[in-house]
Amino acid sequence: MLSYILRRALYGVLILIGVNLFTFVLFFTVNTPDDMARLNIGGKRVTQEAIEKWKVERGYDKPLLYNARDDGLRALSNTIFFERSVQLFALRFGASDSGRDIGYEIRQRIGPSLAVALPTFALGVMATVCAALLMVFFRATYLDFWGVTLAVVMMSISSLFYIIVGQWTFSTLLRLVPISGFAGGWDLFKFLALPVVIGVVARLGYDALLYRTMFLEESGKDYVRTARAKGLSEQAVLFRHVLRNAALPILTSTVAVLPLLFLGSLIMESFFGIPGLGSYTIDAINAQDFAVVRAMVFLGSALYIVGLVLTDISYTVADPRIRLA
Amino acid sequence: MLAIENLDTVLDTDHGVVRAVEAMTLTIAQGETFALVGESGCGKSVTALSILRLLPDNGRVDAGAIRLDDVDLVQLPEARMRDVRGRRIGIIFQEPATSLNPVMKVGDQIYEVIVRHTPLRGAAARAKVIEWLVRVGIPEPQRRCDDFPFQMSGGQKQRIMIAIALAAEPDLVIADEPTTALDVTIQKQILELLRDLQAERRMALLLITHDLGIVAQMAHRVALMYAGQIVEVAPTPEFFARPLHPYARLLFGALPEAAKRGRPLAAIAGTVPPLDRVFTGCRLEERCPRAMAACRSTLPELRGVHADHQVRCLLFQAPFAAGAAAGGSPLSAADPEPKPMARGAPRAAEPASESPLLLVRDYRVHFPIRKGLLKRTVGYVKAVDGVSFAIPAGRTLALVGESGCGKTTIGKAMLQLLRTSARIDGTATLEGRRLDELRGAGLRLARRRMQIIFQDPFASLDPRMRVAEILEEGVASLRPEIAAASRQRHVAELLDKVGLRREALARYPHEFSGGQRQRLAIARALAVEPRLLVCDEPTSALDVSVQAQILNLLAELQRELGIAYLFITHNFAVVEYLADEIAVMRAGRIVEAGAAAKILSAPAEGYTRELLAAVPRLKRAA
Amino acid sequence: MPKIVLLATDVALLVLLAGLAAYVWHVRRTPGLRATWRSVLRDAPAMSALVLLSVCLLIALLDSLHFRPLLPQAAGAANDAAAAYSTRSYSVLDQLLKRQLEGTEKTYSAPLAYRQFTKDSIEIDGRAARDYPRLVHGGAHLTDPERQWLADLVLRSAAGLAGGLLAGLSMALAVVALRARMLREDFSAAWRAVWRRETEVQWRAILFTAILLLGAFGWIAALWSVYHVLGTDRTGNDVLFQAIKSLRTAVVIGSLATLATLPFAIVFGILAGYFKGWVDDLIQYLYTVLSSIPSVLLIAACVLIIQVTIDKYPNLYETGLERADLRLLLLCVVLGVTGWATLCRLLRAETLKLTELDYVQAARAFGVSDLGIMQRHVLPNVMHVVLIVAVLDFSSLVLYEAVLSYVGVGVDPTTPSYGSMFNLARTEMSRDPTVWWNLVAAFGFMLTLVLSANLFAGAVREAFDPRARAFRPRRDQRQPGGARRHGSRETAIAPAGGAP
């Protein structure tokens, strides 16, 4: 088992190297530092000197892969590839194009991101499982039918709509919570309540349908018929047998997204003015700050891969067929 | 104890309402084993599920009553029905691999029943679980009760299933094809276990099966079903000695057995009528050799002929019975014995010295097991491990063995289908050419001389191609010299050969029944005029009556075209009927090989004897 | 003669429609497919959805036939002077709704209003004052709006609604009559069959939707010629017109981006599943790398780069519309290139299963080449997965566009889209009094489109994936009481008061 997990972790590193190379090609060869400079300085007529100056200020004036003017290892390390890509593996993100330390920003912003993302995620999973179980328990009744209908309608509504209408209703109209912002202490709850609730509701329709399908798929299996043939009550069948089996894929898919929670939610954070990584990313995109985007791509992929490995681990722990095989 | 009265069960399907079970009436007494036997789709499993009210979502009981000691289960509220399930009636399902909860310890799965239905709790219930594990023959029960189903063999899983069904000591146990998914030696053990338990606890056993051999061994009484109805009920000895219904007699005629060697089997023509239509007459009428004009328009009823023997046929029903009785027993002039098949004269005179068509020497097929960080090959699954045999032209070699013994692997390896996925050693020589050394054109040429028929007729034809395209594909690939026009003529002739109409060419596979599809598969293989046909369990997915059609066809083709068969099967009845030579396989090796007659009558090896003893046989007056 | 302009997405959309038509033709002559599709046609919600989707598609199509009108010759120019064309491209839809396109106001106005939403300095009786000015176009025909407005509204609504419904009804009658004639039965029998839903195609649902839709059309048409039915936005553009124009963007994104995923997903998925071994390893590696990058970031990066490229070559396009359109097309491509991993994974799994099947083995035994097997046996048998995923993706992509546009990496700011409407709505909702109509318009149109797509996708999935049929929500339609009810499990789990 240990060797299996080790192998998956090594594979993860291999993926990360792939991501790194891919982003390097995308950001430095498809799109040259000159282009970046032109985009950032803006305006129609950009002089070559301005471009060079911009590049020197941000260290983009070095050669891409091989620095012929340096000797030995320096020839390889004093390059854009080493400074901007290889360094990421050591989690040294460098400075953003606007000159600030990306690593510092990330450390500052992870907290607020998690403050929104974690409760949203936890409550979301609970609400979804409950909704799906209800629909399955009341299978083939009007509750199931209207539940599914409602879920289909809910998943057809843009999340932007939920946010805008939610903000308007609870903040502008009812004045229950502040419209946006972030603060520590007890105020935190006031600021978080709305984004969390909206975050849960926005995903509820789609996820509840998905889980309902998983539960139903499971409850169509032979062993569920065996359980019924034992004379077990419908609750016992559902909770002891169906849920336990369906929980495996749910658990692992949950574990897979857990690390990504650190990245926060782009839209939520920017709508509700939460100073997390999501809004940081959006600001970077809007400011066309490629250094930050690159850092976030790397961080996101790394977290995704951590999720992959965690999934494998949780599978081996949770599923006796893998644990004992 | 259990009495079913006029039960109608319907299933709502895409094609409309299917009356899966109609006018089902039967009684089962305490301590009795009652067998419900019939071909697939005849409604036997639906009956079982109706009794327990475990029908799928699209099924419902439409009419009738199911009385368990005078309580009508159909009318029982669901909550009280749950007290019946497990406590009064237990059930064993067909597929032990899927019928147990995969992530629950087997001990807990039995424990659950005991806690639900008996006052035992905690340690006492635990002790009971162990007791049951001992009783169903699980070794080391203290340890194994913490095992998960995947850690057990198929036979052990079925033993667990039996323990679950019996844990609350029900009065009636329904066994729905309990051994169909198991090997014949395991089948014997499971059946013995069931018989012992039944005798020991004086419970009633409703045994549902398609295997008349099992019925003969196990049942006190038997009901034969056809197209949703019971057509005959009788005590078992009576049923096998004097079957009355024409369908029962047809079925016996279609069974392959050693005594019928060299003669065609009495296949039942046609197919079972679809059950979504309304019947105005007998359901067998179209296929029945004794059909009368009245059969088309009169619904036959299940009538007692004499004590305990009921039959649903107009021949035994006034006024028709009177006329029939004038000529003695209604069926005394029944089915003429099929004429013996003329064995091809050239085959009998075949010189023994002639080199065999296919010669296999010390053949090994090893599948690599990859493990570790770099997926290195750490070992091999030795699916076939040093096998040698030879098939002369125009003869049949039967490769028999239990599942996992490597017989199918041999078949696929002969066709060179495993080259990329396995390590293959040894030699296979077809008509003097080393198969493993062939590449490109040579391999194509060899493939013309050798083809394969698969087990599952539903998986072996591409559902999205028309029959014409399916049949032409092989010809186009292996015999490109045949022009398109004559290819079509060639393909049409093939259909004649396998007894299908030419209209079939424009249709899609799903429009055909299982037997017809298997004919198509044979036609496809014949299209390239092979000398050797690898038949990989070609009839094990088919019902007895259809199996007889396919076996007849294969025999006829061999006689006409002189094709040799490598016949891979686990079914000894089929082997006894058609094999010239037999090779018995176990764990990748051939245990015993030789002429069929010798092996069947005087097996030298213990394993062969064990296998032969495990085959359930009809003890029927010849 | 106006100059016909073929935008990149126009071409793509037309090709897509042609492909759709070819597929329909293919279905009609393939019995298996026909039978499967027939079960979609029997599904009432799916048929209502199909009517709505067809209308959306038609609007998108009308909005995809672009041209640049000929400018009138300048006075005094030589007769043989080169014809001058407008620098703006118009679509057929623009031409049809010319009044709405050109009837702009100064700024916000509420739905059906005749006065502006905000105060402005206007001249009243020669003196400057701050008041709500009359609109230039909305309600301009009213001479005494305070008294005439309501009556005018009611009258026009009634007339429009009645006209629309009447048109719808007569169309329904015509369809039924035509059906009766084709099946050679009398009209009342045909009508009964349709009403009782005994027809092969769910005509009742189709006709019902069509009648309601035509009623709505009539109503809107009657009002729209003189009012702004859904008001105007900050720059005075008609909101309903914007919402209708945005349909094309949504449809283009939904369909073209889905289409763009297919080549990668199909080719890689089948190759990986068929050859296994190192090919499989490589392709799995590729799509794991791709799916490990957060999709918004990946798309953002690509779009930023596209933006740079577009800015670098300003001579590639003649009009601003073409520039915006190029960005739209490239956005679809980016969505496609970054989004093929999921489908690829599914197809790989399906192919793995297929290659174990006997008919593929049989083809191998016949020496059919690998390419031949993939083409003839694998591809046709995985197409249902492709179809199901494609229809499901459509709606999620339409929703995704709104998010991307909000983030700023969606369509060009000049391209009308629901994302940009939501973006505007965000600030409008915090105004006091609230400007709600932009939000409502975007919400209504988007919900209609996405819900229709979802309902249709659901039916397609049920038809092509037999397993999915078991998941259909069923109302208990069985007769209450009697033996049959007890036979089913539902009784056990029905709510306490619900079971008789």
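The values are calculated or read from the model by the stated rules, or taken from the named source; none is laboratory data. Owing to the predicted nature of the structure, the values given are computational and were not obtained by experimental measurement. Cβ sites come from the backbone with ideal geometry, for glycine too, and all protein chains shown count toward neighbours. SASA here: full protein model, heavy atoms, side chains in, ligands and nucleic acids out. Shrake-Rupley method; radii C 1.70, N 1.55, O 1.52, S 1.80 Å.
If you filter segment B:462-505 down to residues that are in contact with a His (Cβ under 7 Å, 6 or more places away or on another chain) and in a loop (DSSP other than H, G, I, E, B), you find that the one that is farthest from the other protein chains (Cβ to nearest Cβ) is B:482.
Where strands (runs of 3 or more DSSP E) fall entirely within segment B:506-622, those with at least 3 residues that are closer than 27 Å to residue B:363 by Cα and open to solvent by less than 30 Å² (accessible area, probe 1.4 Å) are at B:532-536, B:564-569, B:581-586. Of the residues B:274, B:235, B:289, B:264, only one is in the same structural domain as residue B:175 (by TED's automatic domain parsing) and out of contact with any Phe, Trp or Tyr (no Cβ under 9 Å at 6 or more places or on another chain); which? Answer to the selection: B:235. Taking the criterion of being surrounded by 24 or more Cβ atoms within 10 Å (Cβ to Cβ) and more than 10 Å from every other protein chain (Cβ to nearest Cβ), the only residue of segment C:350-367 that qualifies is C:351. Mind checking which residues of segment A:277-325 are more than 9 Å from chain C (Cβ to nearest Cβ) and of a type in the set (Ser, Thr, Tyr)? If the condition is that a residue be more than 9 Å from chain C (Cβ to nearest Cβ) and of a type in the set (Ser, Thr, Tyr), then A:279, A:280, A:311, A:314, A:315, A:316 are the ones that fit. Quick check, is residue C:294 open to solvent by 60 Å² or more (accessible area, probe 1.4 Å), within 11 Å of chain A (Cβ to nearest Cβ) and of a type outside the set (A, V, I, L, M)? When the stated conditions are applied, residue C:294 does not pass them.
Here is the figure for segment B:388-427: residues that are assigned to a strand (DSSP E or B), under 31 Å from the mean Cα position of the chain (by Cα) and aliphatic (A, V, I, L, M) total 6.
The residue list C:347, C:326 contains one member that is in contact with a Gly (Cβ under 6 Å, 6 or more places away or on another chain), buried (at least 17 other Cβ atoms within 10 Å of the Cβ) and among the hydrophobic types (A, V, I, L, M, F, W, C), which is C:347. Against the test of being out of contact with any Asp or Glu (no Cβ under 8 Å at 6 or more places or on another chain) and in a loop (DSSP other than H, G, I, E, B), the options A:199, A:185 yield a single qualifying residue, A:185.
If I filter segment A:122-146 down to residues being within 16 Å of the chain's Cα centre (by Cα) and open to solvent by 20 Å² or more (accessible area, probe 1.4 Å), which single residue comes out as nearest to residue A:262 (Cα to Cα)? Ranking the candidates gives A:122 first. Could you please let me know if residue C:412 is away from chain B (no Cβ under 14 Å), more than 19 Å from the chain's Cα centre (by Cα), of a type in the set (Asp, Glu) and more than 30 Å from residue C:27 (Cα to Cα)? The answer is no for residue C:412.
Between B:180, B:209, B:185, the distinction of being open to solvent by less than 10 Å² (accessible area, probe 1.4 Å), out of contact with any Cys (no Cβ under 8 Å at 6 or more places or on another chain) and touching a residue at least 60 places away in the same chain (Cβ under 8 Å) belongs to B:209 only. If only residues of segment A:236-246 that are in contact (Cβ under 8 Å) with a residue 12 or more places away in the chain and open to solvent by 30 Å² or more (accessible area, probe 1.4 Å) are counted, the one that is nearest to residue A:217 (Cα to Cα) is A:243. Please work out if residue A:152 is open to solvent by 40 Å² or more (accessible area, probe 1.4 Å), out of contact with any Pro (no Cβ under 6 Å at 6 or more places or on another chain) and within 10 Å of chain C (Cβ to nearest Cβ). So residue A:152 fails the test. On the basis of being at the interface with another protein chain (Cβ under 7 Å from one of its Cβ atoms) and on the phi < 0 side of the Ramachandran plot, does residue A:138 make the cut? In short, yes. Scan segment B:74-123 for residues that are open to solvent by 30 Å² or more (accessible area, probe 1.4 Å) and within 14 Å of chain C (Cβ to nearest Cβ) and the total you get is 6.
Would you tally the residues in segment B:49-73 being of a type in the set (Lys, Arg) and either over 31 Å from the mean Cα position of the chain (by Cα) or more than 8 Å from chain C (Cβ to nearest Cβ) (or both)? The total comes to 1.
For segment A:160-179, filtered to residues that are open to solvent by 40 Å² or more (accessible area, probe 1.4 Å) and within 7 Å of chain C (Cβ to nearest Cβ), the residue that is farthest from residue C:407 (Cα to Cα) is A:172. Of the residues in segment B:35-48, not one is over 25 Å from the mean Cα position of the chain (by Cα), closer than 27 Å to residue B:311 by Cβ and open to solvent by 20 Å² or more (accessible area, probe 1.4 Å). Name the residues in segment A:219-257 that are more than 10 Å from chain B (Cβ to nearest Cβ) and aromatic (Phe, Trp, Tyr), would you? The one that is more than 10 Å from chain B (Cβ to nearest Cβ) and aromatic (Phe, Trp, Tyr): A:239. Within segment A:30-89, restricting attention to residues that are outside any loop (DSSP other than H, G, I, E, B) and among the aromatic types (Phe, Trp, Tyr), which residue is most open to solvent (accessible area, probe 1.4 Å)? The extreme case among them is A:89. Would you check if there is a residue in segment A:220-228 being over 30 Å from residue A:136 (Cα atoms), in a helix (DSSP H, G or I) and among the basic types (Lys, Arg)? The answer is no; no qualifying residue exists.
Filter segment C:14-50 for residues that are among the hydroxyl-bearing types (Ser, Thr, Tyr) and either surrounded by 16 or more Cβ atoms within 10 Å (Cβ to Cβ) or touching a residue at least 40 places away in the same chain (Cβ under 8 Å) (or both) and give the result. Matches in segment C:14-50: C:30, C:36, C:39, C:48. Quick check: is even one residue across segment A:113-121 within 19 Å of the chain's Cα centre (by Cα) and either within 14 Å of another protein chain (Cβ to nearest Cβ) or on the phi > 0 side of the Ramachandran plot (or both)? Yes, that holds for at least one residue. Of the residues B:195, B:201, B:143, the single one that is within 14 Å of another protein chain (Cβ to nearest Cβ) and surrounded by fewer than 21 Cβ atoms within 10 Å (Cβ to Cβ) is B:143. Filtered by the rule that a residue be in a helix (DSSP H, G or I) and either of a type in the set (Phe, Trp, Tyr) or open to solvent by 10 Å² or more (accessible area, probe 1.4 Å) (or both), segment B:124-140 gives B:124, B:126, B:127, B:128, B:130, B:131, B:132, B:134, B:135.
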